[in-house]
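Visitor: What follows is a structure written as structure tokens; I'll ask about it next.
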Amino acid sequence: MTKKTIKVGVLGLQGAFQKHIEIINSLGAEAIDIRYKDQIEGCHGLIIPGGESTTMSKLIDEMNLRESLEKFPGMIFGTCAGAILLSEDGADPRVTPLRRTPVKVMRNAYGRQIESFVENISLSFNDKPFKAVFIRAPKFNNIDSSAEILGHLNGTNVLIRSGNNLLATFHPELTDDPRIHQYFLNCLQ
Ligand code: GLN
């Protein structure tokens, strides 16, 4: 029997989507750049990349993608702005989140002084620390007790799984370490 090729759609409306495509392809799955509704159906999983959640929220509506994303039955991996979009409340009237995950987030939560930084985070599914790039990152506010905490930075939760959603407040695609993308692909098998 031939091995099923996992197809991952990476939302390519805005932001840091190209690196996600490269990592997914390097792990032996097939990544496609998603811009239109009819491309979503054939995907096993989706990635909503980092960027600007206000802009992405607007483009999702302009491209008429909202309902397909809200109802997508497979797993969606949201990184940074993507995690804000998967939440139930982005605490900003300019962001209409997809409300797939019972978690609230605060945008740009690390403040102006430390807009971007790189830190080792701890993962629950692997012993080796993961070097995580935070760029004007959000923080999770009220995490529902059903969510699984998969990564933290000195006690601050930065990677969670809730139902069919995986949320990272950082950019796992900006380092050469594919462990988090591999974790996501394992969930799609
Ligand atoms: N600050 C951005 C926002 O609120 C997120 C930044 C990012 O995705 N790196 O949408």
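The values are calculated or read from the model by the stated rules, or taken from the named source; none is laboratory data. Remember, predicted model here, so these are calculated numbers, not experimental data. Here Cβ is always computed from backbone atoms with ideal geometry, including for glycine, and neighbour counts include all displayed protein chains. Just so you know, the surface numbers come from the protein's heavy atoms only, side chains and all, with ligands and any DNA or RNA stripped out. Shrake-Rupley method; radii C 1.70, N 1.55, O 1.52, S 1.80 Å.
Visitor: Using the C-alpha gyration tensor of the chain, what are the square roots of 5 times its eigenvalues, in whole angstrom, with the largest one first?
Guide: Numbers: eigenvalues 103, 83, 45 Å².
With the √(5λ) rule applied to the chain, the semi-axes are 23, 20, 15 Å.
Visitor: Calculate what fraction, in whole %, of the accessible area of region 11-64 sits on carbon and sulfur atoms when a 1.4 Å probe is rolled over the protein chains. Please list the in-between numbers first.
Guide: Values: 1180 of 2530 Å².
Carbon and sulfur together cover 47 percent of it.
Visitor: Tell me the relative contact order for region 38-159 as a rounded percent, counting alpha carbon contacts under 8 Å between residues six or more apart. Don't skip to the end; give the middle numbers.
Guide: Working: 214 pairs, mean separation 23.6, N = 122.
It rounds to 19 percent for region 38-159.
Visitor: Can you list the aspartates and glutamates whose alpha carbon is less than 20 Å from that of K37, not counting same-chain residues fewer than 8 positions off?
Guide: K37 reaches D61, E62, E67, E70.
Visitor: Any chance you could check the Cα centroid distance between region 124-176 and region 26-49 for me, in angstrom?
Guide: Centre-to-centre (Cα) distance: 21 Å.
Visitor: I've got another one for you. In angstroms, what radius of gyration and Dmax does region 110-189 have, counting Cα atoms only?
Guide: Expressed in Å, the Cα Rg and Dmax of region 110-189 come to 12.4, 41.
Visitor: Please work out the average accessible area per residue across region 1-148, using the 1.4 Å probe convention, and give it in Å². Kindly include the intermediate steps, with their values, before the conclusion.
Guide: Details: 7640 Å² over 148 residues.
Per residue, region 1-148 has 52 Å² of solvent-accessible surface.
Visitor: Also: Give, to the nearest whole percent, the P(r) tail of region 6-48 beyond 12 angstrom, counting all Cα pairs.
Guide: Working: 454 of 903 pairs.
Tail of P(r) above 12 Å: 50 percent of Cα pairs.
Visitor: Check cross-link reach from K139 to the aspartates and glutamates: straight Cα distance under 18 Å, and skip same-chain residues fewer than eight apart.
Guide: Of all the aspartates and glutamates, those that pass the test against K139 - Cα under 18 Å, at least 8 places apart if same chain - are E52, E88, D89, D92, E115, E119, E148.
Visitor: Here is a further query. Hand me the GluC sites (Glu not before Pro) from region 1-51 located in a DSSP loop with no more than 12 other Cβ atoms within 10 Å, in residue order please. Please report the intermediate quantities before stating the final value.
Guide: Working: sites: E22, E30, E41; in loops: E41.
Within region 1-51, the qualifying GluC sites (Glu not before Pro) (loop, at most 12 other Cβ atoms within 10 Å) are E41.
Visitor: Something else: Tally Lys and Arg at +1 and Asp and Glu at -1 over the other residues with C-beta under 14 Å from the C-beta of I84: what net charge comes out? If you can, show how the numbers build up before the last one.
Guide: Numbers: positive: K58, R94, R99, R100, K104, R107, R136, K139; negative: E52, E88, D89, D92.
Here the charged neighbours net out to +4.
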